[in-house]
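Following: one structure in structure tokens, then a few remarks.
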Amino acid sequence: MGAFPERLLVANRGEIARRVIATARRLGIESVAVHHPIDAALPFVLEADLAVPLEGDVPVRAYLDGAQIIRIAREVGATAIHPGYGFLAENEQFARDVVAAGLTWVGPSPGTIAAMGDKVEARRVVAEAGVPVSGGADDALGSVEEALLEASRIGYPVMVKAAGGGGGIGMAVAHDADALRTAFDGTRSMAERSFGSDRVFVEKFVSAARHVEVQVLGLANGTVIALGERDCSAQRRHQKLVEESPAPMLDPRVRGRMLLSAVQAAEVVGYLNAGTVEFLLDTVSGEFVFLEMNTRIQVEHPVTELTYGIDLVEQQLSIAHTGTTTADFAPSPRGHAIEVRVCAEDPKRFYPRPGVIDEWVEPCGPGIRVDSAYAAGVEVTPFFDSLVAKVCAYGDTREQALARVVAALDEFVVTGLVTNLPFLRELVRSDEFASGRYDTNVVANVKAGR
């Protein structure tokens, strides 16, 4: 068996499908794109060696039809499936079905996906390994009375979260008991609708916090490699908007403890392949707690690739096929990278704004990388996430990277489609972001003109 699969099916769409296809092409791997007919004109479909349409009237459901995707993989002779992020990437049953079909699953084991996919179970597991968590790490809360008791124990304000999902969906802050009663019922209802499980938990809410995550690679021999951290604090609606690596103004001692905790969290579940361990850092106390582990490649993986000089998708494929990294894998951190998510949304209220792209001119130049999903003449439909491109800038220093991303956003031309580019340009120029001392309130502060 060689170091890579011969033919790879990408079970995703948009920019991440295009990203995986690009690495496959560089490695001489034949790529297969599956797509709903509504996506037939998108770049990822046109760039794959083979494109197969998915059946199904509802676009999103077509990409969630694991049985159909596995059937296509077998029919076209694909030997491996890369799930990207979103859709089926963290679906335990799909991973099991891929393996059962005799195909290589480019991701962690189904058991690991299950353990880390349930936020309550994940907290319990990593807490046993010595990783700090917020509040109790016991079972999910069965009633509002249990939630009130836990809140009294850890102290208000608290955050109510769904145990079975992420992406900020259903998260709510409660500053007192009355607010907690309302938040508990709302989050539970949203969790049931979105994730098929009404299990929720509460944790301490930190008003001045930073969202920092660690990229890890787990090998078959049990080794876990930590590839630095990314600051993901610039968010709207608890969803990331700007990421950078390394995290600015981070105490080296805190960084060291965070990297160690990430390794411990991955080791305790026997983690294999690429994953991310996310933490919440209290900017006042300097203490951090485990948030969750994402058992897939992240949207923001390019900033780690730029600062470490590696291709994470290549390493994913190598680990999935051989259990270890490529022979030439020699990561060494250098410089600074910033990624900004360009979305088809109202730049003031951040509501999705689908439409047809008339003109699309991506920025270029030293240190600039653009991972995009679209091109001129195609339509951004209302059926999927609003992300249309990621503008990344690398520099020897944070100051150089920031200057480059400011210029790149100015150079990005998109017409016919409403995007958040005007706000992103304002955000990266703000004193608060430029200082590197921002927290999760930075987007709200810039919007408010502070």
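The values are calculated or read from the model by the stated rules, or taken from the named source; none is laboratory data. Since this is a predicted model, take the numbers as computed values, not measurements. All Cβ positions, even for glycine, are placed from backbone atoms using ideal geometry, and neighbour counts span all protein chains on display.
Miscellaneous remarks
- Inside segment 44-71, residues that are in contact with an Asp or Glu (Cβ under 7 Å, 6 or more places away or on another chain) and β-branched (Val, Ile, Thr) make up a count of 2.
- Subset of segment 155-184 (residues that are surrounded by 15 or more Cβ atoms within 10 Å (Cβ to Cβ), assigned to a helix (DSSP H, G or I) and in contact (Cβ under 8 Å) with a residue 12 or more places away in the chain): 180, 181, 183, 184
- Conditions (1) modelled with pLDDT under 95; (2) under 20 Å from residue 302 (Cα atoms): number failed by residue 407: (1)
- Where helices (runs of 4 or more DSSP H) fall entirely within segment 388-450, those with at least 1 residues that are of a type in the set (Phe, Trp, Tyr) are at 421-429, 431-435.
- The listed residue being more than 22 Å from the chain's Cα centre (by Cα), under 30 Å from residue 267 (Cα atoms) and surrounded by 16 or more Cβ atoms within 10 Å (Cβ to Cβ), out of 87, 4: 4
- The one condition in (1) touching a residue at least 24 places away in the same chain (Cβ under 8 Å); (2) under 25 Å from residue 388 (Cβ atoms) that residue 61 fails to fulfil: (1)
- Check on residue 292, assigned by TED's automatic domain parsing to the domain that holds residue 257, in contact with a helix residue (DSSP H, G or I) (Cβ under 7 Å, 6 or more places away or on another chain) and modelled with pLDDT under 95: yes
- Exactly one residue out of 305, 278, 300 is within 24 Å of residue 5 (Cβ to Cβ), modelled with pLDDT of 95 or more, under 18 Å from the mean Cα position of the chain (by Cα) and acidic (Asp, Glu), and it is 305.
- Test: residue in segment 381-400 that is buried (at least 21 other Cβ atoms within 10 Å of the Cβ), farther than 30 Å from residue 62 by Cβ and aromatic (Phe, Trp, Tyr): yes
- Hits in segment 356-377 (condition: surrounded by fewer than 17 Cβ atoms within 10 Å (Cβ to Cβ) and either out of contact with any strand residue (DSSP E or B) (no Cβ under 6 Å at 6 or more places or on another chain) or not assigned by TED's automatic domain parsing to the domain that holds residue 421 (or both)): 364, 365, 366, 377
- For segment 417-450, a residue qualifies if it is within 15 Å of residue 232 (Cα to Cα), in contact (Cβ under 8 Å) with a residue 60 or more places away in the chain and surrounded by 17 or more Cβ atoms within 10 Å (Cβ to Cβ), and the qualifying residues are 424, 427, 428, 433, 438, 439, 440, 441, 442, 443.
- Residue among 247, 220, 234 that is of a type in the set (Gly, Ala, Ser), buried (at least 20 other Cβ atoms within 10 Å of the Cβ), over 30 Å from residue 177 (Cα atoms) and at pLDDT 95 or above: 247
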